[in-house]
Amino acid sequence: MAIPDFQSFMLPLLNFSANKQEHSLQDAVESLATKFELTFEERQELLPSGKQARFDNRVAWARSHFKQAALVVSTRRRFFRITERGLALPRTDSKKSI
């Protein structure tokens, strides 16, 4: 399976953070990797730079877009929490939430 684009992680990431708790980016990465049933090899695939895992990068980009849209807020380095604006968004994929 090819690693999905970052847009594919947006709804699952929103559902992951919907409990209003502070989450680490690493916890989000682990949870989404489980949800998408990625293999160890897929998780280890690097970007062309060779410095970061492609999957981790895409989850980080999804969170970055949420920050820009004020759907999540950074609470400290590599940690975030959903905002009231993020909670107000409908989640149509509730059966597949993590």
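No lab work stands behind these numbers, since they all come straight from the coordinates. In this text the structure is predicted, and so the values were computed from the model without any measurement. Quick reminder, even Gly has a Cβ in these numbers, built from the backbone with ideal geometry, and neighbours come from all protein chains shown.
What the table shows:
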| item | result |
| --- | --- |
| Folded to 0 to 90 degrees: helix 54-68 orientation relative to the chain principal axis, Cα | 20 |
| Inter-part distance where segment 41-71 and segment 7-24 are each reduced to a Cα centre, Å | 14 |
| Packing-based exposure ordering (other Cβ within 10 Å, fewest first) of 9, 66 | 66, 9 |
| Tilt relative to the chain, helix 25-35 - C-alpha long axis, 0 to 90 degrees, to 10 | 70 |
| Range in the chain, longest, excluding exposed GluC sites (Glu not before Pro) [loop by DSSP; at most 15 other beta-carbon atoms within 10 Å] | 46-98 |
| Cβ charges +1 (Lys, Arg) and -1 (Asp, Glu), total dipole of the chain, debye | 420 |
| Order of 56, 27, 5 under a 10 Å beta carbon neighbour criterion, fewest first | 5, 27, 56 |
| Spin-label zone in segment 21-37 - amide nitrogen under 20 Å from a point set 7 Å from the Cα of residue 89 along the C-beta vector | 21-36 |
| Percent of Cα pairs exceeding the 20 Å cut-off, where the set is segment 6-96 | 32 |
| Furthest towards positive pole of dipole, 26, 52, 82, structure part the chain, Cβ charges | 82 |
| Three-way shape label, segment 1-51, alpha-carbon gyration tensor, a/c 1.5 | prolate |
